[in-house]
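Visitor: The structure under discussion is supplied below as structure tokens; questions concerning it will follow.
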């Protein structure tokens, strides 16, 4: 299926709202289905992985505020996703070593704020902006100068087009693995 102009069945914004992820949404899409590799690249604590659904991930994140918690799992064929559930997690260049592609995005709906660069990607430690360079064909008909909600919707459609899957109810019902990234794992 050609995803360059595909549209989701449901509003990505409304789904984030419904599943309580819109207030602060911090995600990375990674071009591998190897969850263990991703956990290693993100410097998650070895053996900290807890398979769980979204509701359990929220509950655990509310009780473990000292470290970052990242919910990692398969997103689509060839892609995984990592959602920051607790704490803050800044992706570093080294995580994309060896040709791995990592697309990252965050927004805070309560503040009407999107990450400084919008949606970015890293490959081999090099930083780029998604929607420019190699991703233009996916972004041509998306409105980036819209209001906040439409801009968020456009970024999430862009991620879905690139990875081959939009957020949907089955996506939210899928169990993933919650990992702990210890404070100080990524020096400032």
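Visitor: So which residues in the range 20-40 are more than 15 Å from the chain's Cα centre (by Cα) and touching a residue at least 40 places away in the same chain (Cβ under 8 Å), if there are any at all?
Guide: Hit for the range 20-40 is 34, nothing else.
Visitor: Quick check on my filter: what residues within the range 42-59 are buried (at least 17 other Cβ atoms within 10 Å of the Cβ), in a helix (DSSP H, G or I) and touching a residue at least 60 places away in the same chain (Cβ under 8 Å)?
Guide: Answer for the range 42-59, where residues must be buried (at least 17 other Cβ atoms within 10 Å of the Cβ), in a helix (DSSP H, G or I) and touching a residue at least 60 places away in the same chain (Cβ under 8 Å): 54, 57.
Visitor: Looking at residue 88, is it at pLDDT below 95, in a loop (DSSP other than H, G, I, E, B), surrounded by fewer than 16 Cβ atoms within 10 Å (Cβ to Cβ) and touching a strand residue (DSSP E or B) at 6+ places or on another chain (Cβ under 7 Å)?
Guide: Here the answer is yes, as residue 88 does meet what is asked.
Visitor: With (1) modelled with pLDDT of 90 or more; (2) in contact with a strand residue (DSSP E or B) (Cβ under 6 Å, 6 or more places away or on another chain); (3) in a loop (DSSP other than H, G, I, E, B) as the list, and residue 70 as the residue in question, which single condition is left unmet?
Guide: (3)
Visitor: Just to verify a result, which residue in the range 8-19, among those that are in contact with a helix residue (DSSP H, G or I) (Cβ under 7 Å, 6 or more places away or on another chain) and either assigned to a loop (DSSP other than H, G, I, E, B) or at pLDDT below 90 (or both), is farthest from residue 110 (Cα to Cα)?
Guide: Here the residue is 8.
The values are calculated or read from the model by the stated rules, or taken from the named source; none is laboratory data. Since the model is a prediction, treat every value here as computed from it, not as a measurement. Cβ sites come from the backbone with ideal geometry, for glycine too, and all protein chains shown count toward neighbours.
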